[in-house]
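Enquirer: My structure is below; once you've seen it, I'll send some questions.
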Amino acid sequence: MTGPDRRTALGLIAGGAAALAGCAPRDGRPTMQFWAMGNEGGAVPKILPEFEAQTGVRVVVQPQPWTSAHQKLLTAYAGNSLPDVSQIGATWISELTAIGALSPTPPEAADLLTDQFPAVLDTANIGGVSMATPWYVDTRLIFCRTDIMARAGYDAMPTNWADWKRSMHAVKRAAGPGNYAILLPVNEFEQLLTFGLQGDEPLLRDNDSRGNFASPSFIAALAFYKSLFDEGLAPLASSTQISNVWTEFGRGYFSYYFSGPWTIGDMKTRLDPAIQPHWTTAGVPGPNGPGASAPGGSALAVFKSSRNPEAAWKLIRYLSDPAVQARFNVLTGDLPSRTSAWNAPAVASDPYIAAFKGQLSRAKALPKAPEWERVSAEMQVVAERMVRGEYTPEAAGREIDRRVDRILEKRRWMLDQGRGV
């Protein structure tokens, strides 16, 4: 399907997005549009004056809320009004590549793909071509209450599932009546996904055209996940039933919590001062030793429609500089994508960040099917019904596969027709 045909098929109206692209500078300098999401939208203008002074290029930053950013990018693509550069979610790369929106990394920018975490790079590699440049990275690991662990007889986070579960039983006893060992909100998929990544078998099979959730390794993940509820180690609750994480973590309602680097700031500023010395971060346990996790974060993308691609790649080079990334970490708390930036004092001196580097080195790239977000949503729905008693782990695996195979039906048809996906 050609680019114009794809835009027609999207059936979207660009609306006001067209007014954001191609603004003519009043001072005669070339101008470039940059969309940045969430917290980054407010922080990135603080590090751009140096770039503008070096290049003479004016960068107009358009902040976008994460909640609507994905749809706005599709709308702008449909209306031929994309910016020159945009921050994009790592899971959007395959979809934006499939519709023909992204410009691949040119040979002269290939060095930007060095000094990176392998799984993060893999996420941006579609069909052997890098379609985006990692900007900042994240992953999920375990936030721990070290004082409650110590009362339970543990001075360090266990590294395998069996030892970890034994510690959870001990931690629950130490925490006292009405408390639990771990929080696993049933309306979130990330925790089960992390368990599922520990297996040797992929989550999707047949060129990502069918589910593989009934595989022995994912069944083992489902069984471990379900056992934490069955044995009373995790409350059967959604995230909306938790008033706020730091309050419940601070009072000992749970002692283990899956989350990413964005939670470090909340813990530092919101936990009671008496609790501050008694928490840390630790790697995810696996079945037989330190486990894997999913790579996350944001990438920087240049669009094919950019009116100034040369300047766009200069901006990405600037934002990829390890020294600039270390400065950005101070402003935002975002973890640098360039591994050498982790040696900067501001990054290296934070004890809560250290565990993320090891966890990222063990990360596994997720399937690159454009439908992945729908797939993970179905996985979560079935898993919640499983922990509520509707399915056994084996039946849940088969049900997830049934739903996922339906989602991927078009992908299989296109593969059968010999068309790229």
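The values are calculated or read from the model by the stated rules, or taken from the named source; none is laboratory data. Fair warning: this is a prediction, and the values are worked out from it, not measured in the lab. So basically every Cβ, Gly included, is an ideal-geometry build from the backbone, and we count neighbours across all protein chains shown. For accessibility, only protein heavy atoms count, side chains too; no ligands or nucleic acids. Shrake-Rupley method; radii C 1.70, N 1.55, O 1.52, S 1.80 Å.
Enquirer: List the helices (runs of 4 or more DSSP H) that sit entirely inside the stretch 1-120 and contain at least 1 residues that are at pLDDT 95 or above and not polar (S, T, N, Q).
Expert: Those helices (runs of 4 or more DSSP H) span 38-43, 49-55, 66-78, 93-98.
Enquirer: Hey, which of the helices (runs of 4 or more DSSP H) in the stretch 121-216, taking only ones fully inside, have at least 2 residues that are open to solvent by 50 Å² or more (accessible area, probe 1.4 Å)? Outline the logic, then answer.
Expert: Values: elements: 146-151, 161-175, 190-196.
Helices (runs of 4 or more DSSP H) meeting the threshold: 146-151, 161-175.
Enquirer: Taking the residues in the stretch 350-367 that are in a helix (DSSP H, G or I) and open to solvent by 10 Å² or more (accessible area, probe 1.4 Å) as candidates, determine which candidate is farthest from GLY286 (Cα to Cα). Lay out the reasoning, then the answer.
Expert: Filtering the stretch 350-367 for residues in a helix (DSSP H, G or I) gives 354-361.
Keeping just the survivors that are open to solvent by 10 Å² or more (accessible area, probe 1.4 Å) gives 354-355, 357-358, 361.
Values: ALA354: 19, ALA355: 15, LYS357: 17, GLY358: 14, SER361: 14 Å.
Across the stretch 350-367, the extreme among qualifying residues is ALA354.
Enquirer: Mind checking which strands (runs of 3 or more DSSP E) fall wholly inside the stretch 256-349 and carry at least 3 residues that are open to solvent by less than 10 Å² (accessible area, probe 1.4 Å)?
Expert: Numbers: elements: 256-259, 279-282, 296-302.
Passing ranges, in order: 256-259, 296-302.
Enquirer: Restricting the search to the stretch 238-255, which residues are among the hydrophobic types (A, V, I, L, M, F, W, C) and surrounded by fewer than 18 Cβ atoms within 10 Å (Cβ to Cβ)?
Expert: Listed by number, the list holds a single entry, ILE242.
Enquirer: Looking only at the stretch 226-237, how many residues end up being in a helix (DSSP H, G or I) and open to solvent by less than 10 Å² (accessible area, probe 1.4 Å)?
Expert: Of the residues in that region, 1 qualify.
Enquirer: Among the residues that make up the stretch 390-405, is at least one of them surrounded by 14 or more Cβ atoms within 10 Å (Cβ to Cβ), among the small types (Gly, Ala, Ser) and closer than 30 Å to ALA326 by Cα?
Expert: no
Enquirer: Taking ALA223 and the conditions (1) in contact with a Phe, Trp or Tyr (Cβ under 6 Å, 6 or more places away or on another chain); (2) surrounded by 17 or more Cβ atoms within 10 Å (Cβ to Cβ); (3) not acidic (Asp, Glu), which numbered condition does it fall short on, given that it satisfies the others?
Expert: (1) is the only condition that ALA223 fails.
Enquirer: Take SER320 and decide whether it is among the hydroxyl-bearing types (Ser, Thr, Tyr) and at pLDDT 95 or above.
Expert: The answer is yes for SER320.
Enquirer: Let me ask something else. Is one or more of the residues making up the stretch 297-315 free of Cβ contacts under 8 Å to residues at least 60 places away in the same chain, on the phi > 0 side of the Ramachandran plot and over 16 Å from the mean Cα position of the chain (by Cα)?
Expert: no
Enquirer: Going by the conditions given, is ALA237 in contact (Cβ under 8 Å) with a residue 12 or more places away in the chain and over 21 Å from the mean Cα position of the chain (by Cα)?
Expert: On the way: in contact (Cβ under 8 Å) with a residue 12 or more places away in the chain: yes; over 21 Å from the mean Cα position of the chain (by Cα): yes.
Yes: the conditions hold for ALA237.
Enquirer: For a quick check of your reading of the model, give me the residue pairs whose first member lies in the stretch 179-200 and is of a type in the set (D, E, K, R), whose second is modelled with pLDDT of 95 or more and not in a strand (DSSP E or B), with beta-carbon atoms closer than 7 Å and at least 6 apart or on different chains.
Expert: Once the first residue is of a type in the set (D, E, K, R) and sits in the stretch 179-200, its partners that are modelled with pLDDT of 95 or more and not in a strand (DSSP E or B) give GLU188/GLN380; GLU190/ARG140; ASP200/SER217.
Enquirer: If only one of GLY333, GLY289 is at positive phi and within 16 Å of the chain's Cα centre (by Cα), which one is it? Steps first, please.
Expert: On the way: GLY289 fails: within 16 Å of the chain's Cα centre (by Cα).
From the options GLY333, GLY289, the qualifying one is GLY333.
Enquirer: Now for a different question. Restricting to the stretch 246-255, give me the number of residues that are under 23 Å from GLN359 (Cβ atoms) and either of a type in the set (Lys, Arg) or outside any helix (DSSP H, G or I) (or both).
Expert: Adding up the residues that qualify gives 2.
Enquirer: Does SER239 meet the test of being of a type outside the set (D, E, K, R), closer than 16 Å to VAL186 by Cβ and at pLDDT below 95?
Expert: Yes; evaluated as a whole, the condition is true for this residue.
Enquirer: Please state which one of LEU360, LEU315, LEU331 is aliphatic (A, V, I, L, M) and touching a Ser or Thr at 6+ places or on another chain (Cβ under 7 Å).
Expert: Values: LEU315 fails: touching a Ser or Thr at 6+ places or on another chain (Cβ under 7 Å); LEU331 fails: touching a Ser or Thr at 6+ places or on another chain (Cβ under 7 Å).
Selected residue: LEU360, the only one of LEU360, LEU315, LEU331 that is aliphatic (A, V, I, L, M) and touching a Ser or Thr at 6+ places or on another chain (Cβ under 7 Å).
Enquirer: Residues that are closer than 21 Å to PRO202 by Cβ and of a type in the set (A, V, I, L, M): does the stretch 333-351 have at least one?
Expert: There is no residue in the stretch 333-351 that is closer than 21 Å to PRO202 by Cβ and of a type in the set (A, V, I, L, M).
Enquirer: Every residue in the stretch 375-412 that is outside any helix (DSSP H, G or I) and aliphatic (A, V, I, L, M), please. Outline the logic, then answer.
Expert: In the first step, residues of the stretch 375-412 are kept if they are outside any helix (DSSP H, G or I); the result is 388-392, 408.
Passing the criteria: only LEU408.
Enquirer: Still on this structure: Of all residues in the stretch 368-379, which are in contact (Cβ under 8 Å) with a residue 60 or more places away in the chain and either surrounded by 21 or more Cβ atoms within 10 Å (Cβ to Cβ) or in contact with a helix residue (DSSP H, G or I) (Cβ under 7 Å, 6 or more places away or on another chain) (or both)?
Expert: The answer is LYS368, ALA369, PRO370, TRP372, GLU373, VAL375, SER376, MET379.
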